[in-house]
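Below is one structure, written out as structure tokens, with a few remarks after it.
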Amino acid sequence: NAGVTQTPKFRILKIGQSMTLQCTQDMNHNYMYWYRQDPGMGLKLIYYSVGAGITDKGEVPNGYNVSRSTTEDFPLRLELAAPSQTSVYFCASSSLSLADTQYFGPGTRLTVL
Amino acid sequence: AQTVTQSQPEMSVQEAETVTLSCTYDTSESDYYLFWYKQPPSRQMILVIRQEAYKQQNATENRFSVNFQKAAKSFSLKISDSQLGDAAMYFCAYRSVNNDMRFGAGTRLTVKP
């Protein structure tokens, strides 16, 4: 199993550009999450999803959009990129058990100039 | 909103010695889940140990154990017989029953040979 995969690994955007970060999991997990990690900081939850067609805002959702049309995929859309969105983005998934760990992807390093 | 505080930005331990990392959290909920994650330089997030709030017994995983004090809202991680491979960033995380996740800012652990 590949687990959680994210593309791209690195990206540089200009201010005002848009892009989609892709996330796919092959563990048939219901829960999926998007986090951002700023330098020297912990992860902050952007959005999460409990299943196809259902998404919820996390701690820092402004400037982002998500959709969940399938169990496997959970793309994160950045509209009108700003320098404040420079960060490392992690996607994660987990089973229905809240006691279960989240499985994290390798991250996408995004720089907005 | 729930908050997670790690008051030690950096800690250092001699190889084979024991070190304790601190974590406190703020919540009004009675049921929740707590986790410690390790993040080595590869950026991969790895589960170290988990604790369910309704369980009074402290969780242990080989050399890793926790001291869970629910009334004090404290969740410290003890690493025994520290190894060079334990060097990493360690994050404390809180998961609510609504699946909202909050991470602390992290503690950088250095292991001296």
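Tally time: how many residues in the stretch A:20-44 are of a type in the set (Phe, Trp, Tyr) and exposed (fewer than 15 other Cβ atoms within 10 Å of the Cβ)?
Matching residues across the stretch A:20-44 total 0.
Any idea how many residues of the stretch A:76-106 are more than 9 Å from chain B (Cβ to nearest Cβ) and over 13 Å from the mean Cα position of the chain (by Cα)?
10
Name the single residue that is nearest to A:Thr108 (Cα to Cα) among those in the stretch A:13-67 being within 14 Å of chain B (Cβ to nearest Cβ) and of a type in the set (D, E, K, R).
A:Arg36
Would you check which residues across the stretch A:1-17 are of a type outside the set (S, T, N, Q) and within 14 Å of A:Leu78 (Cβ to Cβ) and list them?
A:Pro8, A:Arg11, A:Ile12, A:Leu13, A:Lys14, A:Ile15, A:Gly16
Select from the stretch A:48-97 the residues that are in contact with a Ser or Thr (Cβ under 6 Å, 6 or more places away or on another chain), open to solvent by 10 Å² or more (accessible area, probe 1.4 Å) and part of a strand (DSSP E or B) and list them in ascending order.
Listed by number, the residues that qualify are A:Thr55, A:Val66, A:Asp73, A:Arg77.
The values are calculated or read from the model by the stated rules, or taken from the named source; none is laboratory data. Computed from a predicted model, the values in this text were never measured in an experiment. No Cβ is skipped: glycine too gets one built from the backbone with ideal geometry, and neighbour counts run over all protein chains shown. Please note that ligands, DNA and RNA were not included when accessible areas were found on the heavy atoms of the full protein model with its side chains. Shrake-Rupley method; radii C 1.70, N 1.55, O 1.52, S 1.80 Å.
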